[in-house]
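Inspection log for the structure reproduced underneath, given as structure tokens.
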Amino acid sequence: LLMGFATVMMAAPPNRVTRPVDAGRTRTIAGNLHRQAQPQYDRGEVDQAMHMDYMLLVVKPSAAQQTELDGLLADQQNPSSPNFHQWLTPEQFGNRFGLSTGDRSKVVAWLTSQGFNVNESGRARNWVAFSGTAGQVSQALHTPIHRFQVNGVSHFANAAEPSVPEALADVTGGFLGLDDFLPESFARLVQPDFNSGTSHFLVPEDYGTIYNIAPLYKAGIDGTGQSIAVVGESDVLLSDLRAFRTRYNLPANDPKMMLYSSTDPGFNTSAQLEANLDLEWAGAIAPNATIYYIYGPNAFTAMISAINLNLAPVISSSWGTCEIFAPSYLRAFAQQGNAQGITILNAS
């Protein structure tokens, strides 16, 4: 028992928050100001009572943790390494690359002291989700939330880089959800080039021929026992998905719907079209796979949630943004997913 306890203690990350958390002594966390939140688009502060749901405080690994993680990821892909394909659970990942439980408690305590409601903490102890009002965000993070009119669309965003207490600055990598410049679907309706006649379209069996999947189907490899997580930022109609499967003689297999936040995004035409495409075609190629649809207001947050849930070894995302708009810490979540054995696919 003592040896086991010693092993657990060795695996636990060291405390990095070593000073009292003093809200009066702060440091700016750079890289958290959206590039489209520019002065020429500024229309002034939002209502201070505006609710902001499921923001993320993202934890930054230490330099030593990042070096160790880079080595582990290489070993997991090296057939000669004892770590080859030895995937981690989110908890195991947190024990090596996340905050200590004591440091996470300090982060949660500070957010709570600022009046925020803490929704959830990542299983790997590398993020904390919280909700509150624009006024609370402005006061706690020392950045006002303004309204911006960009390309005819109204958005909200923080108007300055956020700040946190100095004691937490070295473990804070950034924030997600301080603005609603969301990832976009790049699905576009185009006129197909017909192969013959005037109405030839691709159906699931065509993919089986084009990509030589048909022999796998004949061998009984059809997704049975496998799982796929699809992420999105719109509600979908199960009737649409059922009609697709019925039309192309696919077995009934509804996706498992998982809303990551308390805010339902509702139906967004472009986002719903993307979700339909992703869910229909993942199910067409692997008709008997279990498909999870993880969704909410932000597809990037949905992907982080999918990694945290660790339900599927494949995550499919068709969402993106210009590189200069994407927060750099998203790479850390992709690395976590890879360490857990998750293949992340993104449309290009």
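The values are calculated or read from the model by the stated rules, or taken from the named source; none is laboratory data. Note that the structure is a prediction, hence the values are computed from the model and not measured. Glycine gets a Cβ as well: all are built from the backbone with ideal geometry, and neighbour counts include every protein chain shown. Accessible surface is based on the protein model in full, side chains and every heavy atom, while ligands, DNA and RNA are left aside. Shrake-Rupley method; radii C 1.70, N 1.55, O 1.52, S 1.80 Å.
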Considering only region 277-299, I want to know if a residue exists there that is within 16 Å of the chain's Cα centre (by Cα), under 23 Å from Ser227 (Cβ atoms) and of a type in the set (S, T, N, Q). yes
Go over the candidates Val164, Val137 one by one and state the one that is buried (at least 22 other Cβ atoms within 10 Å of the Cβ), touching a strand residue (DSSP E or B) at 6+ places or on another chain (Cβ under 7 Å) and more than 20 Å from Ser105 (Cβ to Cβ). Val137
From Leu216, Leu259, grab the single residue that is among the hydrophobic types (A, V, I, L, M, F, W, C), open to solvent by 60 Å² or more (accessible area, probe 1.4 Å) and under 16 Å from Ile315 (Cα atoms). Leu259
Regarding Asp47, is this residue open to solvent by less than 60 Å² (accessible area, probe 1.4 Å) and over 23 Å from Ala306 (Cβ atoms)? no
Within region 79-98, is even one residue under 24 Å from Ala140 (Cβ atoms) and open to solvent by less than 60 Å² (accessible area, probe 1.4 Å)? yes
Residue selected from region 228-256 under the condition open to solvent by 20 Å² or more (accessible area, probe 1.4 Å) and of a type in the set (S, T, N, Q), by the criterion nearest to Pro313 (Cα to Cα): Asn253
Yes/no for Ile221 being crowded, with 17+ Cβ neighbours inside 10 Å and either touching a residue at least 12 places away in the same chain (Cβ under 8 Å) or not in a strand (DSSP E or B) (or both): no
If I filter region 149-159 for residues that are touching a Lys or Arg at 6+ places or on another chain (Cβ under 7 Å) and surrounded by 19 or more Cβ atoms within 10 Å (Cβ to Cβ), do I get at least one hit? yes
Condition (residue is modelled with pLDDT of 95 or more, in contact with a His (Cβ under 7 Å, 6 or more places away or on another chain) and farther than 18 Å from Gln38 by Cα) applied to region 147-163: is it met by at least one residue? yes
Conditions (1) open to solvent by less than 20 Å² (accessible area, probe 1.4 Å); (2) in contact (Cβ under 8 Å) with a residue 60 or more places away in the chain -> Leu111 fails only (2)
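A quick yes/no check of all residues on (1) in contact with a helix residue (DSSP H, G or I) (Cβ under 7 Å, 6 or more places away or on another chain); (2) closer than 23 Å to Trp87 by Cβ:
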residue: Trp281; (1), (2): no, no
residue: Ala284; (1), (2): yes, no
residue: Ile291; (1), (2): yes, yes
residue: Ile294; (1), (2): yes, yes
residue: Asn298; (1), (2): no, no
residue: Ala302; (1), (2): no, yes
residue: Pro313; (1), (2): no, yes
residue: Ala326; (1), (2): no, no
residue: Ile342; (1), (2): yes, yes
For region 273-293, check the following and say yes or no: at least one residue is closer than 19 Å to Phe181 by Cβ and open to solvent by 20 Å² or more (accessible area, probe 1.4 Å). no
Using the structure shown, decide if Ser100 is in contact with a Pro (Cβ under 6 Å, 6 or more places away or on another chain) and over 23 Å from Ala299 (Cβ atoms). yes
If Phe116 satisfies all but one of (1) modelled with pLDDT of 95 or more; (2) open to solvent by 30 Å² or more (accessible area, probe 1.4 Å), what's the number of the condition it fails? (2)
Selected residue (only one of Thr321, Thr269 is more than 26 Å from Phe130 (Cα to Cα) and open to solvent by 30 Å² or more (accessible area, probe 1.4 Å)): Thr269
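Okay, residues lined up against (1) within 30 Å of Phe116 (Cα to Cα); (2) more than 20 Å from the chain's Cα centre (by Cα); (3) modelled with pLDDT of 95 or more; (4) of a type in the set (Val, Ile, Thr):
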site	(1), (2), (3), (4)
His51	yes, yes, yes, no
Met55	yes, no, yes, no
Val58	yes, no, yes, yes
Ala64	no, yes, yes, no
Gly71	no, yes, yes, no
Gln77	no, yes, yes, no
His85	no, yes, yes, no
Considering only strands (runs of 3 or more DSSP E) fully contained in region 232-338, which possess at least 1 residues that are modelled with pLDDT of 95 or more and either within 25 Å of Leu33 (Cβ to Cβ) or in contact with an Asp or Glu (Cβ under 8 Å, 6 or more places away or on another chain) (or both)? 290-295, 314-317
